[in-house]
Amino acid sequence: MEQDARARAHRSCRERAWRAACAEFAAAERSTELAAGDLETWAVASYLIGRFDAAYRAWASAHHAWSEAGEPGRSVRCAFWQGLTLVLRGEHARGGGWFARAARVLEHCPPDAPEHAYLRLPAALQTLEGGDAETALRVFVEAGALGDASGDRDLATLGRLGQGQALVALGEVGRGTAMLDEAMLAVVDDEVTPLAAGLVYCAVIITCQRAFDLQRAQRWTTALSAWCAEQQGIKPYRGQCLVHRSQLLQLRGEWAEAMAEIRAACTHLADLPGDAAQGMAFYQLAELQRVRGAFGEAEDAYREAHRWAHPVQPGMALLRLAQGRVGDAMAALRRALEDDLVPAERVRVLAAFVEVAVAAGEPAEARRAVADLDGLAARFASPHLEAIHDHARGQMLLADGDAAGALRPLGSARRTWQQLDAPDEAARSAAHLGAAYRSLGDHDSAVLEWDTARRRFTEVGAVTDLARLDELCGTPGRHPGGLTAREVEVLVHVAAGRTNRQVAAALVVSEHTVRRHVHNIFAKLGVASRAEATAWAYQEGVVSTRRG
C-alpha cells in the first residue's frame, strides 16, 4: 500500500498536482520510511503550496539521507535549495547556516561537480546587488558553462538568468535581455524544475522592468500567470505575479482591474509571512489609492510597505505634493536621491523630483534632475524611459518659461505613451502640452489638449490628476455642472451602471457617503434619476461613448 501511495505521489508531482502529492507522501510516511528521493520531492511539493515548515523538515531529512547514502552531490543540492528559499523569505541567518552546511558536504564532491557552481550563485547574487556586476557576471558565466557541460538544465538556466541580470546592470541591455529570453526558453519548454522555473519567471520580469522593457515584462507576466494556473495550489510566485499584473493593468489604464489584482495579491500574501512581495504589494496598493484621491488609505498602505522594508518613494512624496505639503515632498526626494538606487528606481525618483521641484518654484533643481535623466535615457534605449524623460524635460522647460521649447518633448512623450498603450500617462503629457499652448497664445490647441486629458482623468476617477489639471488650466475646482472632483468620479461610476454599494467598494468609501454624493449630483444637475444623470454625463463629455 505504501508503494502505491509513493507512486501516486510522484505521479501527482509529474502532473503538478502538488497538494495531492503532499497528501500521498504523508500517507506513505505513516507506514514506511521514505527514501531520500521521496523526501526531496516532498519538500519541493510542500514548498510550492506554501507549507514551508513541512518543506524545510523534508529537505533537512533528505539532506541527511542522501549523505548517509553516499550521495554528497544530492545532499548539497537539498541544502542549497533549503538555504536559498529561506533567504528569499528573509531568513538570512538560517539560510546562511544551510549554505555553510552545504559547503562542508561539498568537500566530498569532485572538483568539477556542478554543485560547486550552485553554491557560488548566492554570493554572486549578493555581489550583483552590491553593485559589482562585472565580478558577478564572471561567476554566472562559469555556472552556465558548467551546467551545459554537465547536462544540468537548472544550473545552466540559473547561470543564464544571472548573466542577463548582470549585463542589464552593466548597461548592455540588448545582450542582457537576449540572455534572459534564452533562460525563459528553457522554462517555457519545461526543461527545468518548478523551483528554478518560478525563480526565473519572477527575476526576469523584475529585470525587464528595471531595463524599462515593458513589452517583455508584459509578455513574461502573462506567461507566469499561465504557469501559476497550471500548478495546483501554488503559493510562492503567485503573489508577485499578481503584483506585476496590477502594475501593468494600471499602466494600460485599467484601474478597476488593477485594484482587483492587487487586493487579491495582498490577500494571497497574507498567508505567506516573510514573503518580500508583501512590501511590493502594499506599495502598488498605495499608488492606486493615491491617484484615485484616497489619501488616507494610500498613506496606510505606504506605511505597510515600509514595514516590509519596501521603499516608499517616490509615491509618498507625490502623496505629500497632492496634499499641498510641497516642502515635505522635496525633502523626502532629496534624501531618496542620496541612496544607492538601481537605474529604474532612480528614474522614478528623478521624474517625481522634477514635478515637485516645478511645483515648489525651484527650476534650477528641476534642471539638475533632468540632466541626470539625460544620462540614464542615453544609457537605456527604451521607449518607456524616453517618454518619462521627454515628459520631465517638457515640464522643466515650461517652468523655465520656454513654452515653445516644451512643445516638442511633451508632444513626443504623449505620442510614445499612446504607442505604449498607456492612456493615463498620455493624458498627463497632454495636460502640460495644453499649458504650453496657452502660454504661446494658442488657446484652441490648449483647450483640445485639456479636454482630452480631462475626459480621460474623469473616466478613470483620477482625482489627483484632475486637481493638477485645474491648476494648469488656471481654473482650480471647476468641473462640468459645478461638480467637485469626487462628485465627477462618482458620476462616472453611476454612468457605468454601478450600484451605490459597488461605487463604495470601488472608491473605498461608505455607502452613506456615496448616497450623499449622488444626492448632491442630482441637485446640481437638476435631474431626478440615475438615467438622467447618465445622459447628462454623456452629453457633456464627462463620460465618452468609447470607454478605455
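The values are calculated or read from the model by the stated rules, or taken from the named source; none is laboratory data. As the structure is a prediction and not an experimental result, all values here were calculated from the model. A quick note on method: Cβ atoms are made from the backbone with ideal geometry, for glycine too, and the neighbour counts reach across all protein chains shown. These accessible areas exclude ligands, DNA and RNA; they are computed on the full protein's heavy atoms, side chains included. Shrake-Rupley method; radii C 1.70, N 1.55, O 1.52, S 1.80 Å.
Worth pointing out:
- Selection count, segment 308-354, where residues are closer than 21 Å to LEU128 by Cα, hydrophobic (A, V, I, L, M, F, W, C), open to solvent by 10 Å² or more (accessible area, probe 1.4 Å) and not in a loop (DSSP other than H, G, I, E, B): 1
- Qualifying residue in segment 479-499 (condition: exposed (fewer than 15 other Cβ atoms within 10 Å of the Cβ) and under 30 Å from ARG414 (Cβ atoms)): yes
- Only listed residue being open to solvent by 10 Å² or more (accessible area, probe 1.4 Å) and of a type in the set (A, V, I, L, M, F, W, C), chosen from ALA531, ALA537: ALA531
- Filter result for THR475 (within 25 Å of ASP421 (Cα to Cα), among the polar types (S, T, N, Q), modelled with pLDDT under 85 and surrounded by fewer than 22 Cβ atoms within 10 Å (Cβ to Cβ)): no
- Where helices (runs of 4 or more DSSP H) fall entirely within segment 195-307, those with at least 2 residues that are among the charged types (D, E, K, R), surrounded by 21 or more Cβ atoms within 10 Å (Cβ to Cβ) and at pLDDT below 90 are at 238-251.
- Segment 13-47 - residue that is open to solvent by less than 20 Å² (accessible area, probe 1.4 Å) and touching a residue at least 40 places away in the same chain (Cβ under 8 Å) and, of those, farthest from ARG77 (Cα to Cα): ALA17
- Residue count, segment 356-373 (criterion: assigned to a helix (DSSP H, G or I), open to solvent by 60 Å² or more (accessible area, probe 1.4 Å) and touching a residue at least 12 places away in the same chain (Cβ under 8 Å)): 1
- Residue match in segment 90-113 (condition: surrounded by fewer than 18 Cβ atoms within 10 Å (Cβ to Cβ), of a type outside the set (Phe, Trp, Tyr) and within 23 Å of ARG210 (Cβ to Cβ)): yes
- Of all residues in segment 175-194 being open to solvent by 40 Å² or more (accessible area, probe 1.4 Å) and of a type in the set (Val, Ile, Thr), the one that is farthest from ARG16 (Cα to Cα): VAL188
- Among residues of segment 450-471 that are free of Cβ contacts under 8 Å to residues at least 40 places away in the same chain, none has a beta-carbon under 6 Å from a residue that is open to solvent by 50 Å² or more (accessible area, probe 1.4 Å) and hydroxyl-bearing (Ser, Thr, Tyr) at least six positions away or on a different chain.
- Flag if GLY171 is among the small types (Gly, Ala, Ser), farther than 20 Å from THR85 by Cβ and in contact with a Lys or Arg (Cβ under 6 Å, 6 or more places away or on another chain): yes
- Every listed requirement among (1) hydrophobic (A, V, I, L, M, F, W, C); (2) free of Cβ contacts under 8 Å to residues at least 60 places away in the same chain; (3) open to solvent by 40 Å² or more (accessible area, probe 1.4 Å) is met by ALA169 save one, (2).
- In segment 517-528, the residues that are open to solvent by 70 Å² or more (accessible area, probe 1.4 Å) and under 15 Å from ALA504 (Cβ atoms): HIS519
- Residues being at pLDDT below 85 and either assigned to a loop (DSSP other than H, G, I, E, B) or in contact with a strand residue (DSSP E or B) (Cβ under 8 Å, 6 or more places away or on another chain) (or both) - total across segment 527-548: 9
- The listed residue being of a type outside the set (S, T, N, Q) and more than 22 Å from the chain's Cα centre (by Cα), out of ALA377, ALA387, ALA369: ALA369
- Any hit, segment 429-441, residues being surrounded by 20 or more Cβ atoms within 10 Å (Cβ to Cβ), of a type in the set (S, T, N, Q) and in a helix (DSSP H, G or I): yes
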